[in-house]
Protein chains: 2
Amino acid sequence: MRCHKCPQRAVIRMRQHRLALCKDHYPQWFIEQTQRFIEKYRMFTHQDRILVAVSGGKDSLALWDVLWQLGYEAEGLYINLGIGGEFAYSDESQQAAQKFADQRRLKLHIYHVEERRGESVPAIALRTHRGRQKPCAVCGLIKRHTMNQMARQLGFSVLATAHNLDDEVSFLFGNLLSWNLRQIPRQSPVLEAEEGFVRKVKPFIRFSERETAAYSIVRGIEYIEEECPFAEGSKQLQYKDLLNRLEEQQPGVKLRFLLGFFNAMEQGFIHPIEDEQGEVILNPCPSCGQPTSTGDLCATCRLFEEN
Amino acid sequence: MRCHKCPQRAVIRMRQHRLALCKDHYPQWFIEQTQRFIEKYRMFTHQDRILVAVSGGKDSLALWDVLWQLGYEAEGLYINLGIGGEFAYSDESQQAAQKFADQRRLKLHIYHVEERRGESVPAIALRTHRGRQKPCAVCGLIKRHTMNQMARQLGFSVLATAHNLDDEVSFLFGNLLSWNLRQIPRQSPVLEAEEGFVRKVKPFIRFSERETAAYSIVRGIEYIEEECPFAEGSKQLQYKDLLNRLEEQQPGVKLRFLLGFFNAMEQGFIHPIEDEQGEVILNPCPSCGQPTSTGDLCATCRLFEEN
């Protein structure tokens, strides 16, 4: 197949966009599209300092690369979770992220969970009841906590994560299956800054995994392909698999599902439900200083400090 | 496996209820559950006259059977759509429904679309643009129209359809995928009567297809097993298949999805959006007299009369 913009061979065909592009026009299109999403959802401007959460995988390195090329002031944050196994997952991922940063002379901040907190994420997942039940939930909690903490401490105005279309639709699908009334309204391309919380943005939510992977490959980014060993068999992966089957039958259905949801939110079709107590009162956690509704240690510090 | 209530062999095991029952206790449980749903959702009482829409399939004959056993005043309505093919689908289904009614000395009303309207549903599906695009949608429109019309003409206070859990979750899933903001809030166990519209209830929406089939088999109901030949490859069947895969991985997920949705509605999480014109004005269709917002012929009469 030929590129729709020049006579070269196409490297990717996107059925839902009725578009095929070559190795030169694809990254150009991908970068332009990202800029359009950033503007459309008013994510940030060239005046902002942006912290990009990088995992060493295709999505986050692609995002950092695109923001760098678009001239944004973007530094990276790598959280070393201490996940090992046969393949030293966390250390290898850190190296990939560091190499990427060094090649572009970009600044990468490292947060090593075990060094800072005295215990790795897998160790907590094994020690705590909640961790044994839902290791991915505990890991997500620690990551969100750490990203917000680091962004604030380092003085960034925006935290960018590289969640893609597949991530978002599988979260949305899972949240709708269980009608998680708290989470559904929080799923948005932008979460505005609130007292103690930095502004959070997701510039890649319109791109599929296939599209971010193709960008990274074409751009020669050396990313870690391995999935986290803990993710195997997770519900998120089940949902992705199921939504991919549907996408084959109805090309474009994933994007329509997500955009239809944003539209339903904008039109006021979905109304966030107030907590029964009404307004939630946030106080600083006595250990880390981040806002929490618990009245004592925040959920993350409690994980590390309960024994 | 043994029945949970007696030493007999179980004929069905329901993982989501952690329950296995024999050929005697299963129909008893099934009938009691139906009565509970009828009361829970305040569908109707023994003072109501109920018209049951029957197709000759397992769900609708089971529903009529259960209502009859519970002592409700329930008559049947069979709509002959004129669907033929190698297997004379509509005529065979009508015979099954008639035989069921005769065995129980129940009254079955027949509405023969071609005799009354001069044209069968497949003929309309072939002749009209809309029918060629979406034959199931056109058939659904004609059936809903006819059921309401007949219920009103025959003086019934309630129209009962035998939609089961699988039907409801696949509709809900499809409506959420495309964020059909008009349809989502209308998916409910009860649609109250409005000017020109009879009260509509769905007493079987908590039962899976497997459960209604097991009831019909145990009770010796001779139902038509064939699916409508037009349904093959439809999106609804794709969604059912996909949700069944999920149910295997997470037993009970379909029921939780539907009940969670009802709860979200009750809590006001979902707000029906008013039409842009505000209140919809309904006038009687000059041909059939049923309420319509078109200002002229209703959508169904237009299908039959446009040439």
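Please treat every number below as a calculation from the coordinates, not as lab data. All values derive from a computational prediction rather than experimental measurement. Cβ coordinates were reconstructed from backbone atoms using ideal geometry, including for glycine residues, and neighbour counts include every protein chain displayed.
Work out how much length residue B:45 to residue B:180 would gain on full extension: take 0.36 nm times their residue separation and subtract the Cα-Cα distance, in nm to one decimal.
Length gained, residue B:45 through residue B:180: 45.3 nm.
Tell me which lysines have Cα within less than 21 Å of residue B:5's Cα, excluding those fewer than 8 residues away on the same chain?
B:23
For Cα pairs less than 8 Å apart in space and 6+ apart in sequence, what is the mean separation divided by the residue count of chain B, i.e. the relative contact order in percent?
Reported relative contact order: 18 percent.
If you build a Gaussian network model of chain A, linking Cα atoms that sit under 10 Å apart, which residue out of A:94, A:133, A:187 swings the most?
In the Gaussian network model the winner is A:133.
Determine which residues of the stretch A:208-223 fall in the zone a paramagnetic label at residue A:103 would reach in this model, i.e. backbone nitrogen under 16 Å from the point 7 Å along Cα→Cβ.
From the stretch A:208-223, the list is A:213-223.
Applying the Karplus parametrisation 6.51 cos²θ - 1.76 cosθ + 1.60 with θ = phi - 60° to the phi angles of the stretch B:200-205, what ³J(HN,Hα) value in whole Hz is obtained for each residue in order, glycine and proline being reported as x?
My calculation for the stretch B:200-205 gives 10, 9, 10, x, 9, 5 Hz in order.
Could you give the distance between the Cα centres of the stretch B:235-307 and the stretch A:113-150, to the whole Å?
Taking the Cα centre of the stretch A:113-150 as reference, the centre of the stretch B:235-307 is 43 Å away.
Using modelled backbone amide H atoms (1.01 Å from N, in-plane), which distant-in-sequence or interchain residues come within less than 5 Å of residue B:164's amide H?
Those qualifying (amide H under 5 Å, at least 5 residues apart or on another chain) number zero.
What is the distance in Å between the Cα centres of the stretch B:66-93 and the stretch A:1-30?
Rounded to whole Å, the Cα centres lie 54 Å apart.
Along Cα-to-Cβ, 7 Å out, sits the label point; list in nm, shortest first, how far the one on residue B:47 is from those in the other copies.
6.8
Under the convention of a label 7 Å out along Cα→Cβ, give the distances in nm from residue A:130 to the same position in every other copy, shortest first.
5.3
With labels modelled as points extended 7 Å from the Cα through the Cβ direction, what inter-label distance (nm, one decimal) is found for residue A:231 paired with residue A:136?
0.8 nm
If amide H atoms are built 1.01 Å from N in the plane of the peptide, which residues on other chains or at least 5 residues away come under 5 Å of the amide H of residue B:110?
Amide H neighbours of residue B:110: B:78.
List, in order, the whole-Hz ³J(HN,Hα) value for each residue of the stretch B:283-295 obtained from phi through the Karplus relation with A = 6.51, B = -1.76, C = 1.60 and θ = phi - 60°; use x for Gly and Pro.
Calculated HN-Hα couplings, in order: 10, x, 5, x, 8, 9, x, 7, x, 8, 9, 6, x Hz.
How far, in nm to one decimal, is residue A:256 from itself in the other copies if the label point is set 7 angstrom along Cα toward Cβ? Shortest first, please.
In nanometres, ordered from closest: 2.9.
As I understand it, the value is the acute angle between the Cα axis of helix B:58-69 and the longest principal axis of the Cα atoms of chain B; what does it come to in degrees, rounded to 10?
So the inclination is approximately 70 degrees.
When only alpha-carbon atoms are used, what values of Rg and Dmax, in angstrom, describe chain A?
Using the Cα atoms of chain A, the pair Rg, Dmax is 19.7, 64 Å.
Could you check the spin-label model distance between residue B:4 and residue A:6? Points 7 Å from the Cα along Cα→Cβ, value in nm.
6.7 nm
Net charge near residue B:15: determine it from the other residues with C-beta under 11 Å of the C-beta of residue B:15, scoring Lys and Arg +1 and Asp and Glu -1.
Local net charge: +1.
Would you work out which of A:189, A:178, A:113 lies farthest towards the positive end of the dipole of chain A? Charges go on Cβ: Lys and Arg +1, Asp and Glu -1.
Checked the options; the winner is A:189.
Can you compute 3J(HN,Hα) from phi for each residue in the stretch B:122-128, using the Karplus curve 6.51 cos²θ - 1.76 cosθ + 1.60 with θ = phi - 60°, rounded to whole Hz and x for Gly and Pro?
With the stated coefficients, the stretch B:122-128 comes to x, 5, 5, 4, 7, 6, 9 Hz.
Need one number: nm distance between label points at residue A:36 and residue A:153, each 7 Å from Cα along Cα→Cβ, rounded to one decimal.
4.0 nm
Count the lysine pairs in the stretch B:157-257 that are 8 or more places apart or on different chains: how many have C-alpha atoms under 21 angstrom apart?
4
Which cross-chain or sequence-distant (5 or more) residues have an amide H under 5 Å from the amide H of residue A:23, H modelled 1.01 Å from N in plane?
So residue A:23 has HN proximity to A:11.
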